[in-house]
1. Just to check your reading of the model, which residue among VAL61, VAL41 is closer than 16 Å to VAL14 by Cβ and either within 10 Å of the chain's Cα centre (by Cα) or open to solvent by 60 Å² or more (accessible area, probe 1.4 Å) (or both)?
2. Does ARG69 count as touching a residue at least 40 places away in the same chain (Cβ under 8 Å) and not β-branched (Val, Ile, Thr)?
3. Residues HIS78, HIS56: which one is open to solvent by 60 Å² or more (accessible area, probe 1.4 Å) and either polar (S, T, N, Q) or out of contact with any strand residue (DSSP E or B) (no Cβ under 6 Å at 6 or more places or on another chain) (or both)?
Amino acid sequence: MTTVVETRPFDVSVDVATLARLTVREREVLRCLARGETNRVLARRLGIAERTVRAHITSVVRKLGVGSRFEASLLAFHHYDALTEEATAS
């Protein structure tokens, strides 16, 4: 017996105003998420505590209006260049 699972497509589009609400550090964390880094690696790379990384991720998820870290990382992966441009423009 085969079970059919209904999936909902995830919209990876985001507007510039939404990205502009992120702090420079949040954009940096989001770019690291796009590369698939763990919280531990991300904390070491940025020189901050893992707890601070989790706080940044929580804030990013809330500001982007996505449901999870995974969705935030997908969005970041698809908009990596825009995140880099935004970070250097600020």
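1. VAL61
2. It is false that ARG69 is touching a residue at least 40 places away in the same chain (Cβ under 8 Å) and not β-branched (Val, Ile, Thr).
3. Result of the check over HIS78, HIS56: HIS78.
Every residue, every condition in (1) of a type outside the set (A, V, I, L, M, F, W, C); (2) modelled with pLDDT under 90; (3) farther than 13 Å from LEU75 by Cβ; (4) touching a Phe, Trp or Tyr at 6+ places or on another chain (Cβ under 8 Å), yes or no:
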residue	(1), (2), (3), (4)
ARG8	yes, yes, yes, no
ASP11	yes, yes, no, no
ALA20	no, yes, yes, no
VAL24	no, no, yes, no
ARG31	yes, no, no, yes
GLY36	yes, no, yes, no
ASN39	yes, no, yes, no
LEU42	no, no, yes, no
THR52	yes, no, yes, no
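The values are calculated or read from the model by the stated rules, or taken from the named source; none is laboratory data. Computed from a prediction, not measured in an experiment: that's the story for all the values here. For neighbour counting, all protein chains shown are included, and Cβ atoms are generated from backbone atoms with ideal geometry for every residue, glycine included. Note: accessible area is taken over every heavy atom of the protein model, side chains too, but ligands, DNA and RNA are not part of it. Shrake-Rupley method; radii C 1.70, N 1.55, O 1.52, S 1.80 Å.
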